[in-house]
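**Student:** Dropping a structure here in structure tokens format, bear with me for questions.
The values are calculated or read from the model by the stated rules, or taken from the named source; none is laboratory data. Since we're looking at a predicted model, the values are computed, not measured. Cβ placement follows ideal geometry from the backbone for every residue including glycine, while neighbour counts extend to all protein chains displayed. Note: areas computed on protein heavy atoms with side chains; ligands, DNA, RNA excluded. Shrake-Rupley method; radii C 1.70, N 1.55, O 1.52, S 1.80 Å.
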Amino acid sequence: MYEAGAIRPALNEQAKLIVSNPEDLTVVGAAKGFSDGFYNNYYRVEYEEYETEWERHLETFYLAEHSGEGYNIADSTAINLINDTWGTIIPICGGAGYTIMYLCDLMGNSYVGIDVDRFSFNCNMSILKHVDRAVGLCISQWLSPEGMPKHQVLGLKEGYTSVSLHLDDYYSEEYNKYITETLRQQIHEDAIRKEEAYENN
């Protein structure tokens, strides 16, 4: 999530995290990773056509208050949330996220795809979990004489999560204006270190 957060301001400096609740560590940790990347000043976006500079702004909205809640959402609630958002929506809320992404496509709102690669006019970035690879690895480990390890991390470093970009001409130009290959590699390496730090805390 850190890597996606660090890249996102090059495409849009205004965003909203929609998170299931403030208690479940998986969604809270993902939101923190995105936020940490978003506010890390790898580059400063300039808007030549405006006299005043825009500041990066990332709002966090929780769908529910308690653990285990906020993973489903009524269409009417999702529509109101989308209508109240100026900028890109990042839905970190399980099944509710699929409703939000689907409605963003219908309503023409910018969003980040979560867990799956979304190809849409409204979505130019996805944060992927390569579940097929993870399942294949676990099956092969299970069938091996050594068996499965008691604990293993299948994250960015191991290639089981990634950030996918599908940019049109405009966003490709904006992206390349701020993020060089060298900087992208630095962000990726920083994200791996951050992921290891989150895992150990």
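**Student:** Can you run down the residue pairs with Cβ atoms below 8 Å, 6 or more apart or on separate chains, where the first is in segment 19-36 and open to solvent by less than 30 Å² (accessible area, probe 1.4 Å) and the partner is among the acidic types (Asp, Glu) and at pLDDT 95 or above?
**Tutor:** Close Cβ pairs (under 8 Å, with a partner that is among the acidic types (Asp, Glu) and at pLDDT 95 or above) amount to Ser20/Glu69; Asn21/Glu65; Asn21/Glu69.
**Student:** Now, a different point. Quick one: which strands (runs of 3 or more DSSP E) sit completely within segment 86-201 and have at least 1 residues that are open to solvent by 30 Å² or more (accessible area, probe 1.4 Å)?
**Tutor:** 113-115, 125-129, 161-165
**Student:** Using the structure shown, decide if Glu69 is modelled with pLDDT of 95 or more, surrounded by 19 or more Cβ atoms within 10 Å (Cβ to Cβ), of a type in the set (D, E, K, R) and not in a strand (DSSP E or B).
**Tutor:** no
**Student:** Would a scan of segment 130-152 turn up a residue that is free of Cβ contacts under 8 Å to residues at least 24 places away in the same chain and closer than 19 Å to Gly33 by Cα?
**Tutor:** No, segment 130-152 contains no residue that is free of Cβ contacts under 8 Å to residues at least 24 places away in the same chain and closer than 19 Å to Gly33 by Cα.
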